[in-house]
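S.K.: I have a structure here, written as structure tokens, and I will follow up with some questions on it.
The values are calculated or read from the model by the stated rules, or taken from the named source; none is laboratory data. Just so it is clear, the structure is predicted and the values come from calculations on it, not from any experiment. Virtual Cβ from ideal backbone geometry, glycine too; neighbours counted across all protein chains shown.
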Amino acid sequence: MEFFERFAIPHPSPAIYASMVAIALTMVAIVAGLTYFKKWGYLWREWLTTVDHKRIGIMYLISALLMLFRGGADAIMLRAQLAVPENKLLDAQHYNEIFTTHGIVMILFMAMPFIIALMNFVVPLQIGARDVAFPRLNALSFWLFFMGAMLLNISFVVGGSPDAGWTSYFPLAGTEFSESVGSNYYMIAIQIAGIGTLMTGVNFLTTILRMRAPGMTLMKMPMFTWSVLVTNVIIVFAFPVLTVLLAMGTFDRLFATHFFTTTNGGMDMLWANLFWVWGHPEVYILILPAFGVYSEVISTFARRNLYGYKSMVASMVLISLLSFLVWTHHFFTMGQGALTNSIFSITTMAIAVPTGVKIFNWLLTLWKGKIEITTPMLYSLLFIPLFTIGGVTGVMLGMSAADYQYHNTMFLVAHFHMVIIPGVVFAMLAGLTYWWPKMFGFMLNERIGKWTAWIIGISTLVAFMPMFFSGLDGQARRMYTYSESTGYGPLNMISFIGAVGLAVGFVLIAYNVYYSVRYSPRNISADPWDARSLEWATHSPVPEYNFAIVPQVDSSEAFWDAKKKGHELFKGEYEKIHMPNNSGVPFLMSCIFFVWGFSLVFSMWIPAIAATIGILACMAHRSFEKDHGRYISVEEVEETESKLRGAS
Amino acid sequence: MKMKRAFLSVIFVLATVLAGCEPLMVLDPKGPQAERQAHDIMLSIGLMSIIVIVVFALLAFMLIKYRASKQSKDYEPPHIEGNIIVEAICVGIPILIVIFLSIVSVKSNYIVEAKPEGYGDKEPLVVYASSSNWKWHFSYPEENIETVNYLYIPTDRPLEFRLYSYGPITSFWIPQLGGQKYAMSDMITTLHLAADSPGEFMGRNANFSGKGFAENTFEVTAMPQAKFDEWVDEVKETAKPLTEEKFDELLEPGHLGRSTYTGTHLKFLPPPEGHHHGSGNSDEHSEDEHAEHQQSSESHKGSEHHSH
Ligand code: HEM
Ligand SMILES: [Cu+2]
């Protein structure tokens, strides 16, 4: 019995028991459904073992959307608790767990996979490649991310969630002040997912540098691909810091080392520094691909080429460098003194310059355009004003002396939500709507889509603008309650209303998917938006090999040139196509990683050692395996092509 | 049209918030440091509003002028690569703004990190403010008294807070007197404040520190020096001495009301003064303070003393 006690929730509540039941029922339903419809084989062959970048992209997408709802449910609970003073909906412990998992889930398990989903689906198509450089590594990346996310999600019902904030500052997150296994989950779940992301970084860097279609020089890449290239450079430099940081945190928690403790020479400031050495570049990892999406969408629907291509590229490269030079702005108040703060204050505000250049370039892309407001365009047009508010408040936070007043308040919370929601979330929704027909061969409903965009756009303002004021009025972040006399009540009530609006918007997205699956016409063309880059030059949905003939490129808008200027994209005859084989090893290895992580969380050493051996065995298997892929014959290509040409 | 609706809703939110509200705490400063910060905040809000308005206006212009519905069917937008002059303006103006704000920011840094100006040669009142889960302990070494969860301070005199923590990182914050600073277990940070008028202010820990964080507040009362001295005398007559046992009891996690003692815990539990950070000119003080507390050196969990 004692063995099982460790899995108990330290602070149970009816909500947690209800979720346990809900999780169990969902699992049973999934298993029963798969069995009843005899889909186990399909699931294994087509999805669990796939190495196809498009399918992996779609799996990332589904995970991201699921996590959006998980994180959104957290958010609604948080805002409901704060809607009125002295509310008793949640107690301090639950509130702390919920804002912690909200942050982790939204940033690491919603925004990151959403970005990687689009990266996966779009980049190989945009550069005219057949897959990524290391397809099997790609599958491993996904499954590691997935297992990391699942591990964190079960913390809620097994052993207790982390409760020290998504920043998990030590010594609070150390064993001195957090005894439950919650922070173990933090260290290990994010570690597993983070290794996956690091692999993605290596993979896409190689893919973009080595696998572009003939003629596509770096300066002829579509802007989304450029943004992904820069993002992955940041990933490759920033994520190793996270890996090391989490390893140190794990050692402190599991093996009683003293990196960050209050005693024996531990240094709590070291955690804060290393966290933000990764953390600040991380926020640019989130925003740059979003900028890439906006560049594609705005240029497509302004029916014009992107204004200032070169300065767009230059500003992203500059941002990637600067993003490593500003981390101290997250703790101007740690006592470094005026000189250090001054230096970091300047570098921080300097980042706003290249960011501003991008805003002006988008505005100038609209200039002399022929603007058509579709759903993706609507998100982009809402993004510009809302993100500007978020961005300029960033500059305000960068004024270090003034930041002593903003830091740790709702003002800061308002800032980062006003950059992340209009910046990243709108971009992902725009990208989702924009590339949806390429993924699935039908469009999402435009009417519902536009309604959704308006509701989400306005709700974002309603939810987050009041926080600028309550922050300046002294409301600290992460307080589970406040007294009536503070006068924060009305502002928080407005925020709650905005949060409900956002929830309505997200439910509408799900409804739109359902509605469009049922009613959307399937006889659309391969290029329904009249777009400009290569991904629109192949069929919808895209065949396994992407392009029957590798395209020839000589500008950043090769497909547009083909449509308007008679540029010939596909020269030559069909040839047999070399493709990678599917493999179950990435999935299997990630499952073992899950067992490894779970065992470590609960300090169960024997299964942990067994799992470690299992992981090494999978790696050894890969090293000695002889798998040279397979060929798709010319006849097969011809057959697929003629079938698809009939379809679209 | 829809843009306009969005716009109106923004203004509506702002208006409802601004009306029917007392001045926001941070923008209602009662001391020179907070005043400087409020000034920076208002200045940057002003400048940033200009940028926001320019962006909104450009966007509105583009949307009104270049909507497809406003143009002929066969209009083909031109191919425009970019223009050096336009781009130079887009880079140049933000650079000028950032340079200006940088100058302000650097100046302010040196102001808020130094002893407040304008109080002649008055010596600062030194207060050691330490946090433990989830309380604040205020030690007045010169007056030789200590309080829990409330702070009395004299007006018109520089205040120098030496901050440290018997637990997680906390952040000492009295919004109306000035911005916050971290209190940590392994070093002391220094925060310079001053109060210009008597009154009661909200003080709190602003940095999340676990379960009891929300209630981790303290009350600040500023009063003229004479009254402050009276209070000190009264404490010395009426309060009980702070013993080591009593202090250990106070450190236990939980919430406490106010309490007052003669003597300070600095005597038997020296703060982590070996690591001294925060600002330049406070080091002179720390020398003599240091010697004063050297006699007692019993170490205690949570206040390990590391030397460089
Ligand atoms: C325009 C350029 C930007 C500037 C100058 C800026 C500046 C800052 C500063 C100074 C802070 C720290 C404030 C404090 O803790 O007191 C901060 C926090 C933050 N910013 Fe920004 N920011 C900018 C853009 C962005 C973007 C584009 C994102 C994300 C997509 C972002 C996400 C965040 C997040 C997540 C935090 C705080 C996280 C936390 O403490 O939990 N920022 N920003
Ligand atoms: Cu940052």
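The rows are residues; the columns are (1) within 14 Å of ligand 1 (Cβ to nearest atom); (2) under 30 Å from B:Y75 (Cα atoms); (3) in contact with a strand residue (DSSP E or B) (Cβ under 6 Å, 6 or more places away or on another chain).
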residue	(1), (2), (3)
A:T328	yes, no, no
A:F331	yes, no, no
A:I346	yes, no, no
A:V357	yes, yes, no
A:K368	no, yes, no
A:I371	no, yes, yes
A:L381	no, yes, no
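S.K.: With A:V105, A:V84, A:V132 as the choices, which residue is buried (at least 20 other Cβ atoms within 10 Å of the Cβ), over 16 Å from the mean Cα position of the chain (by Cα) and assigned by TED's automatic domain parsing to the domain that holds A:S168? Full working, then the answer.
M.R.: Working: A:V105 fails: over 16 Å from the mean Cα position of the chain (by Cα); A:V84 fails: buried (at least 20 other Cβ atoms within 10 Å of the Cβ).
Exactly one of A:V105, A:V84, A:V132 is buried (at least 20 other Cβ atoms within 10 Å of the Cβ), over 16 Å from the mean Cα position of the chain (by Cα) and assigned by TED's automatic domain parsing to the domain that holds A:S168, namely A:V132.
S.K.: Only strands (runs of 3 or more DSSP E) wholly contained in region B:170-269 count here; list those with 1 or more residues that are within 14 Å of chain A (Cβ to nearest Cβ). Walk me through it before giving the result.
M.R.: Working: elements: B:170-174, B:178-183, B:188-193, B:199-205, B:217-223, B:259-262.
Of the strands (runs of 3 or more DSSP E) lying wholly inside region B:170-269, those with at least 1 residues that are within 14 Å of chain A (Cβ to nearest Cβ) span B:170-174, B:178-183, B:188-193, B:199-205, B:217-223.
S.K.: Could you go through region A:417-429 and let me know if any residue there is away from every other protein chain (no Cβ under 14 Å), buried (at least 24 other Cβ atoms within 10 Å of the Cβ) and away from ligand 1 (no atom under 11 Å from the Cβ).
M.R.: The answer is yes, given that some residue of region A:417-429 is away from every other protein chain (no Cβ under 14 Å), buried (at least 24 other Cβ atoms within 10 Å of the Cβ) and away from ligand 1 (no atom under 11 Å from the Cβ).
S.K.: Moving to a separate point now. Can you work out which of the residues in region A:323-347 that are within 15 Å of ligand 2 (Cβ to nearest atom), within 9 Å of chain B (Cβ to nearest Cβ) and of a type outside the set (A, V, I, L, M, F, W, C) is nearest to B:N83 (Cα to Cα)?
M.R.: The extreme case among them is A:S345.
S.K.: Taking the condition of being aromatic (F, W, Y) and surrounded by 19 or more Cβ atoms within 10 Å (Cβ to Cβ), how many residues in region A:34-79 meet it?
M.R.: The initial filter retains those residues of region A:34-79 that are aromatic (F, W, Y), namely A:36-37, A:40, A:42, A:44, A:47, A:60, A:69.
Filter once more, so that each one left must be surrounded by 19 or more Cβ atoms within 10 Å (Cβ to Cβ): A:60.
Result for region A:34-79: 1.
S.K.: Same structure, new question: When you look at A:L254, is it closer than 29 Å to A:A164 by Cα and more than 16 Å from ligand 1 (Cβ to nearest atom), yes or no? Steps first, please.
M.R.: On the way: closer than 29 Å to A:A164 by Cα: yes; more than 16 Å from ligand 1 (Cβ to nearest atom): yes.
Answer is yes for this residue.
S.K.: Show me the helices (runs of 4 or more DSSP H) entirely contained within region A:348-461 in which 1 or more residues are among the charged types (D, E, K, R) and within 30 Å of B:L193 (Cβ to Cβ). It would help to see each step written out before you state the result.
M.R.: Details: elements: A:375-398, A:400-406, A:410-419, A:426-440.
Filter on region A:348-461 gives A:400-406.
S.K.: Sticking with this one: Among the residues of region A:372-416, how many are farther than 15 Å from A:M349 by Cβ, among the polar types (S, T, N, Q) and surrounded by 23 or more Cβ atoms within 10 Å (Cβ to Cβ)?
M.R.: Final tally of qualifying residues: 6.
S.K.: Taking region A:504-519 on its own, how many of its residues are surrounded by 18 or more Cβ atoms within 10 Å (Cβ to Cβ), within 30 Å of A:L82 (Cβ to Cβ) and of a type in the set (G, A, S)?
M.R.: The total comes to 1.
S.K.: Of B:A60, B:A34, which residue is more than 18 Å from the chain's Cα centre (by Cα), in a helix (DSSP H, G or I) and touching a residue at least 24 places away in the same chain (Cβ under 8 Å)? Reasoning before the result, please.
M.R.: On the way: B:A34 fails: more than 18 Å from the chain's Cα centre (by Cα).
From the options B:A60, B:A34, the qualifying one is B:A60.
S.K.: Quick one: how many residues across region A:83-138 are aliphatic (A, V, I, L, M), farther than 30 Å from A:Q552 by Cα and in a helix (DSSP H, G or I)? Lay out the reasoning, then the answer.
M.R.: Initial filter on region A:83-138 (aliphatic (A, V, I, L, M)): A:83-84, A:89-90, A:92, A:98, A:104-108, A:110-112, A:115-119, A:122-123, A:125, A:127, A:129, A:132-133, A:137.
Going one step further and asking which of them are farther than 30 Å from A:Q552 by Cα, we end up with A:83-84, A:89-90, A:92, A:98, A:104-108, A:110-112.
Remaining after also requiring in a helix (DSSP H, G or I): A:83, A:92, A:98, A:104-108, A:110-112.
Qualifying residue count, region A:83-138: 11.
S.K.: A further question on this structure: If you go through region B:69-87 one residue at a time, how many are part of a helix (DSSP H, G or I), at the interface with chain A (Cβ under 9 Å from one of its Cβ atoms) and under 51 Å from the mean Cα position of the chain (by Cα)?
M.R.: 2
S.K.: Tell me the residue from A:V517, A:V507 that is under 23 Å from the mean Cα position of the chain (by Cα) and not polar (S, T, N, Q), please. Step through it out loud before you land on a result.
M.R.: On the way: A:V517 fails: under 23 Å from the mean Cα position of the chain (by Cα).
Just one listed residue meets the conditions, A:V507.
S.K.: Return a yes/no flag: does region A:292-304 have any residue that is outside any helix (DSSP H, G or I) and surrounded by fewer than 23 Cβ atoms within 10 Å (Cβ to Cβ).
M.R.: yes
Residues checked against (1) more than 16 Å from ligand 1 (Cβ to nearest atom); (2) away from chain B (no Cβ under 14 Å); (3) more than 24 Å from A:S516 (Cα to Cα):
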| residue | (1), (2), (3) |
| --- | --- |
| A:L386 | no, no, yes |
| A:V392 | no, no, yes |
| A:M396 | no, no, yes |
| A:A401 | no, no, yes |
| A:N408 | no, no, yes |
| A:G431 | no, yes, no |
| A:F440 | yes, yes, no |
| A:W451 | yes, no, no |
| A:I456 | yes, no, no |
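S.K.: While we're on this one: Which residues, taken from region A:240-265, are in contact with a helix residue (DSSP H, G or I) (Cβ under 8 Å, 6 or more places away or on another chain) and within 14 Å of chain B (Cβ to nearest Cβ)?
M.R.: A:H258, A:F259, A:F260, A:T261, A:T262
S.K.: To continue, here is another question. If I filter region A:282-322 down to residues being away from chain B (no Cβ under 14 Å) and within 25 Å of A:A401 (Cβ to Cβ), which single residue comes out as nearest to ligand 1 (Cβ to nearest atom)?
M.R.: At the first step, the residues of region A:282-322 found to be away from chain B (no Cβ under 14 Å) are A:282-293, A:296-297, A:316-317, A:320-321.
Adding the requirement that they be within 25 Å of A:A401 (Cβ to Cβ) leaves A:283-284.
Numbers: A:V283: 4, A:Y284: 7 Å.
In this case the residue turns out to be A:V283.
S.K.: Yes or no: region A:17-37 includes at least one residue that is in a loop (DSSP other than H, G, I, E, B) and not assigned by TED's automatic domain parsing to the domain that holds A:L144.
M.R.: We begin by selecting, within region A:17-37, every residue in a loop (DSSP other than H, G, I, E, B); these are A:37.
Going one step further and asking which of them are not assigned by TED's automatic domain parsing to the domain that holds A:L144, we end up with A:37.
Looking for residues that are in a loop (DSSP other than H, G, I, E, B) and not assigned by TED's automatic domain parsing to the domain that holds A:L144, one finds at least one in region A:17-37, hence yes.
S.K.: While we're on this one: Between residues in region B:220-234 that are under 8 Å from B:Y152 (Cα atoms) and residues that are small (G, A, S), which pairs lie under 8 Å by C-beta distance while being six or more apart or on different chains?
M.R.: B:V220/B:G203; B:T221/B:G199; B:A222/B:A195; B:A222/B:S197; B:A222/B:G199
S.K.: Looking at region A:520-533, is at least one residue surrounded by fewer than 18 Cβ atoms within 10 Å (Cβ to Cβ), among the aromatic types (F, W, Y), touching a residue at least 60 places away in the same chain (Cβ under 8 Å) and more than 30 Å from B:S209 (Cβ to Cβ)?
M.R.: No, region A:520-533 contains no residue that is surrounded by fewer than 18 Cβ atoms within 10 Å (Cβ to Cβ), among the aromatic types (F, W, Y), touching a residue at least 60 places away in the same chain (Cβ under 8 Å) and more than 30 Å from B:S209 (Cβ to Cβ).
S.K.: Are any residues in region B:99-114 crowded, with 21+ Cβ neighbours inside 10 Å and over 13 Å from A:N341 (Cβ atoms), and if so, which ones?
M.R.: B:L101
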